[in-house]
Amino acid sequence: QVQVVESGGGLVQAGGSLRLSCVASGSIFSVNTMGWYRQAPGKQRELVARLTSGGSTDYADSVKGRFTISRDSAKNTVYLQMNSLKSEDTAVYYCFVAAVLYTGSYRYDASDWGQGTQVTVSS
């Protein structure tokens, strides 16, 4: 199983910035996709941004131009730089990792979510 741990959430005023970090660990052979999702109270979990091993990125329309996803492949870490935060960005942010794990010479696909980190933007 891949372990996923997020950090960096907190309380910030509207217009401010936060940087989230997510580290994947375990018997990782390679990481395919790392991404950020969020879930606000009473709403479904939605994609914020994701980054594939090939370098392609997807962003939600609501965060384009404000959020930037980046990755340190050597550290199996993904970051989400959030600028110009708005009250509607308030949510629990979850990191998702899809990877290829190994045990001996056997490799297999695995994916998991982090426990979530709260981001609260005050207006």
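The values are calculated or read from the model by the stated rules, or taken from the named source; none is laboratory data. Quick caveat: nothing in here was measured; it's all calculated off a predicted structure. Virtual Cβ from ideal backbone geometry, glycine too; neighbours counted across all protein chains shown. Note: areas computed on protein heavy atoms with side chains; ligands, DNA, RNA excluded. Shrake-Rupley method; radii C 1.70, N 1.55, O 1.52, S 1.80 Å.
General observations
- Among A60, A74, A99, the largest mean-square fluctuation in a Gaussian network model of the chain (Cα springs under 10 Å) belongs to A74.
- By a 1.4 Å probe calculation restricted to protein chains, Y102 has an accessible surface near 100 Å², given to the nearest 10.
- Counting only heavy atoms of the protein chains and using a 1.4 Å probe, T117 has close to 20 Å² of accessible surface.
- Projected label points at R45 and Y102, each 7 Å from Cα along the beta carbon direction, are separated by 2.9 nanometres.
- For K43, the solvent-accessible surface with a 1.4 Å probe is about 140 Å², rounded to the nearest 10.
- Split the accessible area of the chain by element, probe 1.4 Å, and carbon with sulfur accounts for 46%.
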